[in-house]
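Colleague: The structure's right below; bear with me while I get my questions together.
The values are calculated or read from the model by the stated rules, or taken from the named source; none is laboratory data. Since the model is a prediction, treat every value here as computed from it, not as a measurement. Here the Cβ positions follow ideal geometry from the backbone for every residue, glycine too, while neighbour counts run over all protein chains shown. Ligands, DNA and RNA are stripped out before the accessible areas are found, and what is left, the full protein with its side chains, is counted by its heavy atoms. Shrake-Rupley method; radii C 1.70, N 1.55, O 1.52, S 1.80 Å.
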Amino acid sequence: MRNPQAPVVILGAGINGAALARELALGGISVAVVDTHDLAFGATAYSSRLIHGGLRYLEYGELDLVRESLAERTRLLRLAPQFVRPLKLYIPVTNRFGGLFASAGRFLGLGRGKAAAKSAGSRGLWLVRLGLRLYDIYARDPALPRHAALRTDRQSEVRIDPNRYPWLCSYYDAQIRFPERFVVALLDDARRAAAETGASFELFTYHRAELAGSTLEIFPVSGAAEPVARFEPAAIVNATGAWVDLTLAQLHVKSKTLMGGAKGSHFITSNPRLRAALGAHGLYVEAADGRPLFVLPLGDVSLVGTTDLPFEGDPAEAVATPAELDYLLETVNAVLPGMNLSRADIEQHYSGVRPLPYVGPSAPAAVTRRHWIEENRDCSTPLFSIIGGKLTTSRSLAEETVITIRARLGLPPGKNSRERLLPGAESYPASDQAVDAKCHLLASELSLSLAQVQSVWRLHGAESEAIL
């Protein structure tokens, strides 16, 4: 058994690395987190900013992943309400029976090739409602309304052409507008948990790690010749997402190819027509090739994405191509006639690489979104790589990883984060109206503008008064 006082070193300070650091610290295990960039540099910041159950995963028969994701969505709504808020989404539907056979084939594992991703056709009312019924059953969340189906011409919340889309199906997921701030809160809570349990916690951003035997040396990326820290770690966790293979190579650790990156691009626009059309709700729509896309409210702007394309090379170099942006624009304009968005409406675009497992030639949309922990047996120090993972399941993935690490190190089970609030979630108001009332009261007491108070409260909750 290795020294239980030695730290576990986590490479990567994205959502998975931060959640894992917190989980380890809660169990009294010392932690050091190292990243060559800033916090949440990779896919965490370049995501669709949703906490969701994965409605699309149902088509591929990944029922266990949907169940896990929905359970974590419910947990995050309760434990991190200052970051994660309910979001009502609408699915425009063109017909009654479309997509039944294609979806049945994918569910049975007959449609994971490249052609399958283009064969869905338009998903019809029966198929969409079946998926949403399963979604409600797996969610079992009394705090969120169940799905509904209605005639487009009998509602006023979203402006969809009723001649093309006779029906709208609505359901609830959740949105996390600032996943970067969520990562900061996780690491802040890791520091607090370490103090509570007597463990150590260290964070090295803009640093790199070099492995020599069983010694891990930490250097600034600026090129300093001397390391700022040395560890004989109890274990190393490679939580670098799409960089997992590159990280193993830099550590001179032999490994098979683990990652098969898929690029997802988004754009942001402040076009007032689109923002007015969305209101407080999002759209989950089909592109011409059958791929579902999100059109989402994001404060005063709108977020549109995402694409799903194979990607090779350094994930830091991923950018949205003109073809991807045109694809997203065409989809929005097709669903919302008269919108007439053009590239001139795009104020920002970004592209991230999903940390998907390598499965050989396959359409990225068909690659599993499950996660797992891969141990490398050719390293003198216990070394684990995290494959997959996403915002929604970061906590459950961290819990699973800690169980694996503790068993490998011969340690008994420890405390987990299933019921631990994120800093600021204490006594958080249950409704948006209650949040507004609290902000009005604080603004009056502290002689600050309402906008100032709201900007802090909606990220820091119960800690806002001290911050303000």
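Colleague: Long-range amide H contacts for T392: which residues qualify at under 5 Å (H placed 1.01 Å from N, peptide plane, sequence gap of 5 or more or a different chain)?
Modeller: Excluding prolines and chain starts, which carry no amide H, the hits are H52.
Colleague: Hey, what number do you get for the chain at 222 nm if only DSSP H runs of n ≥ 4 count, each worth -39500 (n - 2.57), divided across all residues, to the nearest 500?
Modeller: -9500 deg cm²/dmol
Colleague: Give me the percent of accessible area attributable to carbon and sulfur for the chain, probe 1.4 angstrom.
Modeller: 54 percent
Colleague: While we're looking at this one, here's another question. Under unit Cβ charges (Lys, Arg +1; Asp, Glu -1), what dipole magnitude, rounded to 20 debye, does the chain have relative to its Cα centre?
Modeller: 1540 debye
Colleague: Scattering from the C-alpha atoms of the range 146-263 alone, worked out with Debye: what is log10 I(q)/I(0) at q = 0.10, 0.24 1/Å?
Modeller: Taken in order of the listed q values, log10 I(q)/I(0) reads -0.59, -1.34.
Colleague: If packing is taken as the average count of other Cβ atoms within 10 Å, what order do 235-242, 418-425, 174-181 fall into, highest mean first?
Modeller: The peptides rank, most packed first, as 235-242, 174-181, 418-425.
Colleague: Find the accessible area per residue for the range 117-200; the probe is 1.4 Å, ligands and nucleic acids are left out, and the unit is Å².
Modeller: On a per-residue basis, the range 117-200 sits at 52 Å².
Colleague: Compute for the chain: radius of gyration divided by Kirkwood radius, i.e. Rg/Rh, restricted to C-alpha atoms, rounded to two decimals.
Modeller: 0.97
Colleague: Using only the Cα atoms of the range 269-389, build the gyration tensor, take square roots of its eigenvalues as a ≥ b ≥ c, and label the shape rounded, prolate or oblate: rounded if a/c is under 1.5, else prolate if a/b is larger than b/c, else oblate.
Modeller: Because a/c hits 1.5 or more and a/b exceeds b/c, the range 269-389 counts as prolate.
Colleague: I'd like to check one number: the per residue accessible area of the range 278-402, probe 1.4 Å, reported in Å² as a whole number.
Modeller: 38 Å²
Colleague: A follow-up question, please. For the range 189-203, what does the Karplus curve 6.51 cos²θ - 1.76 cosθ + 1.60, with θ = phi - 60°, yield as ³J(HN,Hα) per residue in whole Hz, taken in order and with x for Gly and Pro?
Modeller: Whole-Hz 3J(HN,Hα) from phi for the range 189-203: 6, 4, 4, 5, 5, 4, 5, 5, 9, x, 8, 9, 9, 10, 10.
Colleague: Separate question: Name the residues whose placed amide hydrogens come within less than 5 Å of the amide hydrogen of G414, ignoring near sequence neighbours (fewer than 5 apart) on the same chain.
Modeller: none
Colleague: Whole number please: convex hull volume per residue of the Cα set in the range 334-468, in Å³?
Modeller: Given the Cα convex hull of the range 334-468, per-residue volume reads 247 Å³.
Colleague: Dipole of the range 220-348, Cα-centred, from +1 at each Lys and Arg C-beta and -1 at each Asp and Glu C-beta, to the nearest 20 debye?
Modeller: 220 debye
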